[in-house]
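This report refers to the structure that appears directly beneath it.
The values are calculated or read from the model by the stated rules, or taken from the named source; none is laboratory data. Since the structure is predicted, the reported quantities are computational estimates derived from the model, not experimental observations. We place every Cβ from the backbone using ideal geometry, glycine too, and count neighbours over all the protein chains shown. To get the accessible areas, we keep the full protein, side chains included, count just its heavy atoms, and leave off ligands, DNA and RNA. Shrake-Rupley method; radii C 1.70, N 1.55, O 1.52, S 1.80 Å.
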Amino acid sequence: MWIVARYKPNELKLLKECFFKILGEMPEFYNPKVKYEIYVNNKLKMFQKNILENYLICKHDNFNDVRLVNALKNSRGLVYFLQGYKSNQKELDNFVKFCKSNEDKNGFLKQSFFRIIINNKAKFTSGPFTQMIFEILEDKGRKLKILLNNIKMTIPKQSGNFLYSHI
């Protein structure tokens, strides 16, 4: 059974240790992340970001026991559990499967995870155009036709060199 927990950013390790002590074994944790690049002092630096920010998806067979979940609510580093996790198991499972199917070999989400919206603005997060804003003009299957600084160009969707996010 899946559960979604909000945690204190600097206490994730403590939270995992508390869960281990109470459950007797380590639950499965999933926290999808994306890798991006930013120019800092004319140098391209690599960063990573959790797309769920301070939320963590956890899986353990004993999460269906209400008493156990109530005991976990006092774990150090935990802010709260999202309500309604029992009725949303299928959606949580589908989300985790979708994320995992769109990860690269290093566990970072690929561009295919992000939905493409035509006539919407986006910003490059990696590659030679990092931090530049562009408009998506047309979806051409494996390529996107974009408008960048009044120049129309075509970029590949699946390239690791051109990651972008919608703004």
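Remarks
- Check: the chain dipole with +1 on Lys, Arg Cβ and -1 on Asp, Glu Cβ, in debye: 380 debye
- Rolling a 1.4 Å probe over the heavy atoms of the protein chains gives the range 56-167 an accessible area of 60 Å² per residue.
- Partners of Lys121 within straight-line reach, counting aspartates and glutamates whose Cα lies under 14 Å from its Cα and excluding those fewer than 8 residues away in the same chain: Glu135, Glu138, Asp139.
- Charge dipole of the chain about the Cα centre (unit charges at C-beta), most positive-ward option of Tyr80, Cys99, Leu68: Cys99
- Pairs with C-alpha atoms separated by more than 23 Å, drawn from the list Lys97/Lys157; Lys100/Lys152; Lys35/Lys123; Lys43/Lys140; Lys33/Lys105, are Lys100/Lys152; Lys43/Lys140.
- Over the range 1-75: Kirkwood hydrodynamic radius from C-alpha pairwise inverse distances, Å: 14.0 Å
- Across the chain, the fraction of Cα-Cα pairs farther apart than 24 Å, rounded to a whole number, is 48%.
- Peptides 24-30, 142-148 ranked from most to least packed, by the mean per-residue count of other Cβ atoms within 10 Å: 142-148, 24-30.
- Averaging Cα coordinates gives a centre for the range 36-55 and one for the range 119-154; these two points are 19 Å apart.
- For q = 0.12, 0.16, 0.21, 0.27 Å⁻¹, Debye-computed log10 I/I(0) when each Cα of the range 41-122 counts as one equal scatterer: -0.56, -0.87, -1.17, -1.40
- Relative contact order (percent, whole number), the chain, Cα cutoff 8 Å, 6+ residue spacing: 22 percent
- The HN-Hα couplings worked out from phi for the range 61-74 by the Karplus form 6.51 cos²θ - 1.76 cosθ + 1.60 (θ = phi - 60°) are 5, 8, 5, 7, 8, 4, 5, 5, 5, 5, 5, 6, 4, 9 Hz, whole numbers, x standing for Gly and Pro.
- Unit charges at the beta carbon, dipole of the chain: most positive-side option, Gln111, Asn50, Met153: Met153
- Calculated mean residue ellipticity, 222 nm, the chain: -5500 deg cm²/dmol, from DSSP H runs (n ≥ 4) at -39500 (n - 2.57) each, averaged per residue and rounded to 500.
- Share of carbon and sulfur in the accessible heavy-atom surface of the chain [1.4 Å probe, %]: 50 percent
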